[in-house]
Amino acid sequence: MSGKDDYYNRSKQQGYRARSAYKLKQLDEEAALLGPGDTVVDLGAAPGGWLQVAAEEVGEGGTVVGVDLQRIDEFDDHDVETLRGDMTEERTRHYLREAVGEGGADVVVSDMAPNMTGEYHLDHARSVHLARQALDTAEELLAPGGDFVVKVFQGEDLDAFRDDVAASFQYVRTVSPPASRDSSSEVYLVAKGYTTSPVAEGDRIEVTIEEEGDEGDGIAYVEGYTLFVDGDVGETLAVEVTDVKPRFGFAEAVDGGESTPSN
Ligand SMILES: C[S@@+](CC[C@H](N)C(=O)[O-])C[C@H]1O[C@@H](n2cnc3c(N)ncnc32)[C@H](O)[C@@H]1O
């Protein structure tokens, strides 16, 4: 028996509903996703292996919500909220917004997969469609700094989808957990640090430095978002955004940026 088939036996022995539980464990080990007290939303959650792993990691103070087209059997040993719903429908997202509440989610994970036809391009296209639904949902639910994991089948649209994920997070990595079967074309995009910044890396904008930071650097605000820029209070200058974090970013003055004292 190959090492990969062992995951099935292990899941039976350890009481997990699906061998895929080990994929989330491995993704979590690699990217430090789940922590005590977290609010986690699991899309495409049936039969519930990922829900079990998430509930173990967030503990009693945490919240775990799972959605699937299929009914998810109740858990005896974990406090998990489940919903039967279609993630392509707005009413399912509405329910999730209510379940998560104003604080937002710390982590949104999606293991959604289409019914396989065996036709490579069709299966890939449907997988990307589901992954995009998951991204839209994550952007609605995540608190700033939150993390997102999504399964997607490899193929021609993967790079464009990955770019779209990268635009909303501090960074994104493509991970193939060892528990994925060798024959599978699935990969997981692991995106950390949801950013609600109104600017993106590479943007060129004009800013006015309004305050001095603790370390003597200038602070400008873009729609309330903090941007650290080298310069003096009162200066207006053209800058290029060089780094974007969820709550603040960095920018550097660029050539042609007329520096104009404001008084
Ligand atoms: C690989 S299984 C998930 C296994 C799960 N992570 C676990 O550990 O038990 C993929 C799931 O995605 C669900 N799914 C596919 N399309 C969906 C959709 N539009 N909305 C909600 N769930 C969907 C399927 O019903 C299926 O249960």
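The values are calculated or read from the model by the stated rules, or taken from the named source; none is laboratory data. Note that the coordinates shown come from a computational prediction; the quantities given were computed from them, not determined experimentally. Counting neighbours? That spans all protein chains shown, and the Cβs are built from the backbone with ideal geometry, glycine included. Surface areas here come from the heavy atoms of the whole protein model, side chains and all, with no ligands, DNA or RNA. Shrake-Rupley method; radii C 1.70, N 1.55, O 1.52, S 1.80 Å.
Looking only at residues in region 229-257 that are surrounded by 19 or more Cβ atoms within 10 Å (Cβ to Cβ) and of a type outside the set (Gly, Ala, Ser), the one that is farthest from Val172 (Cα to Cα) is Glu235. Counting residues in region 186-201 that are more than 28 Å from His124 (Cβ to Cβ) and in contact with a Gly (Cβ under 7 Å, 6 or more places away or on another chain) gives one or more. Only a single item in (1) surrounded by fewer than 22 Cβ atoms within 10 Å (Cβ to Cβ); (2) more than 20 Å from Ala138 (Cα to Cα) is not met by Ala46, and it is number (2).
Here is the figure for region 1-57: residues that are among the basic types (Lys, Arg), within 13 Å of the ligand (Cβ to nearest atom) and in a helix (DSSP H, G or I) total 2. For region 145-161, name all the residues that are more than 14 Å from the ligand (Cβ to nearest atom), open to solvent by less than 60 Å² (accessible area, probe 1.4 Å), in contact with a strand residue (DSSP E or B) (Cβ under 9 Å, 6 or more places away or on another chain) and not acidic (Asp, Glu). Passing the criteria: Gly145, Gly146, Phe148, Leu158, Phe161.
In region 245-260 there is no residue that is free of Cβ contacts under 8 Å to residues at least 12 places away in the same chain, part of a strand (DSSP E or B) and more than 29 Å from Thr137 (Cα to Cα).
Might you let me know whether region 104-127 holds any residue that is near the ligand (Cβ under 9 Å from one of its atoms) and of a type in the set (Asp, Glu)? Yes, region 104-127 contains a residue that is near the ligand (Cβ under 9 Å from one of its atoms) and of a type in the set (Asp, Glu). Can you run down the residue pairs with Cβ atoms below 6 Å, 6 or more apart or on separate chains, where the first is in region 23-39 and free of Cβ contacts under 8 Å to residues at least 40 places away in the same chain and assigned by TED's automatic domain parsing to the domain that holds Val150 and the partner is of a type in the set (A, V, I, L, M) and away from the ligand (no atom under 13 Å from the Cβ)? Partner pairs satisfying both residue conditions: Asp28/Leu34. Restricted to region 185-232, the set of strands (runs of 3 or more DSSP E) holding at least 3 residues that are in contact (Cβ under 8 Å) with a residue 24 or more places away in the chain and of a type outside the set (A, V, I, L, M, F, W, C) comprises 186-194, 204-208.
Listed conditions (1) without any contact (Cβ under 8 Å) to a residue 60 or more places away in the chain; (2) away from the ligand (no atom under 12 Å from the Cβ); (3) more than 22 Å from Tyr22 (Cα to Cα) are all met by Asp77, apart from (3). So, of the residues in region 162-190 that are under 21 Å from Pro144 (Cα atoms) and hydrophobic (A, V, I, L, M, F, W, C), which turns out to be surrounded by the fewest Cβ atoms within 10 Å (Cβ to Cβ)? Residue satisfying both the conditions and the ranking: Ala167.
Mind checking whether some residue in region 101-108 is on the phi > 0 side of the Ramachandran plot and open to solvent by 20 Å² or more (accessible area, probe 1.4 Å)? For region 101-108, residues on the phi > 0 side of the Ramachandran plot and open to solvent by 20 Å² or more (accessible area, probe 1.4 Å): present.
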